[in-house]
Amino acid sequence: MERISKENYYLDIAETVLERATCLRRVYGAIIVTNDEIISTGYNGAPRGRANCSELGYCSREALQVPRGQRYELCRSVHAEANAIISASRRDMAGGTLYLVGRDAQTGELLGDATSCAMCRRMVINAGLARVVIRRTRTEFDVVMVSDWIAEDDAAGG
C-alpha cells in the first residue's frame, strides 16, 4: 500500500470539515496545522446563533445576482479560513500551514480555482501563518507562500 502524502492527508481532513458548511453556493473547509499537529478547523457558515442560508433556503448574494468575489458584506457566512483562525491562538498558528478545500454546493465538484478572498488573506497574514495549501484535484494542490500574498498586496497598493 502506498502512503498518502502529508499534504493530501491534511487536505482530506479539510475536505471532511467542509461537510459541515452551510453555504448554498460554495462550501469550504480549512484546517490549521503547526508542527504536524492540527490546531483548529473551520468551515463557512453563519455566525453562531444566526440562521444559516441552508436553513433559510436562499442565498442573499445569489438572489441579488452578485458575481463571485464581490460584495461579501451581503453574505451571512463567516469564511472557513476566518473560522479556523478565530478558533486558534496566534501563538499556536505562527509559522503554520492552512489547508483549504472548496466544493460547489450544488454539484459537489471540487473547486479547482479555490482561493482565499482578500479579507481572509489579510487574516492569514496577521495570524502568522507561513503557507496555504489549496486542493485543486483529488491529488493535486498548490502551495502558496503567505509572503507572496504580502508582496502582491503591497505591489497592488492594498
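The values are calculated or read from the model by the stated rules, or taken from the named source; none is laboratory data. Note that the structure is a prediction, hence the values are computed from the model and not measured. Don't worry about glycine lacking a Cβ; one is built from the backbone with ideal geometry, like all the others, and counts go over all protein chains shown. Side chains included, ligands, DNA and RNA excluded: accessible areas come from the protein's heavy atoms. Shrake-Rupley method; radii C 1.70, N 1.55, O 1.52, S 1.80 Å.
One table, with the values for the structure above:
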quantity: Qualifying position, being among the acidic types (Asp, Glu) and in contact (Cβ under 8 Å) with a residue 40 or more places away in the chain, among Glu81, Glu140, Glu109, Glu152; calculated: Glu81
quantity: From Leu74, Leu129, residue being in contact with a Ser or Thr (Cβ under 8 Å, 6 or more places away or on another chain), open to solvent by less than 70 Å² (accessible area, probe 1.4 Å), closer than 21 Å to Ala21 by Cβ and in contact (Cβ under 8 Å) with a residue 40 or more places away in the chain; calculated: Leu129
quantity: Criterion (open to solvent by 70 Å² or more (accessible area, probe 1.4 Å) and hydroxyl-bearing (Ser, Thr, Tyr)) met by exactly one of Tyr58, Tyr99; calculated: Tyr58
quantity: Cβ-Cβ under 7 Å pairs, at least 6 apart or on other chains, segment 32-50 side farther than 20 Å from Thr115 by Cα, far side part of a loop (DSSP other than H, G, I, E, B) and at pLDDT below 95; calculated: Arg50/Arg76
quantity: Any hit, segment 1-18, residues being assigned to a loop (DSSP other than H, G, I, E, B), open to solvent by 40 Å² or more (accessible area, probe 1.4 Å), charged (D, E, K, R) and without any contact (Cβ under 8 Å) to a residue 12 or more places away in the chain; calculated: yes
quantity: Residue in segment 19-55 that is least open to solvent (accessible area, probe 1.4 Å), counting only those that are within 23 Å of Thr137 (Cα to Cα) and of a type in the set (Asp, Glu); calculated: Asp36
quantity: Matching residues in segment 64-84 - criterion: being touching a Leu at 6+ places or on another chain (Cβ under 8 Å), hydrophobic (A, V, I, L, M, F, W, C) and closer than 22 Å to Arg136 by Cα; calculated: Ala80, Ala84
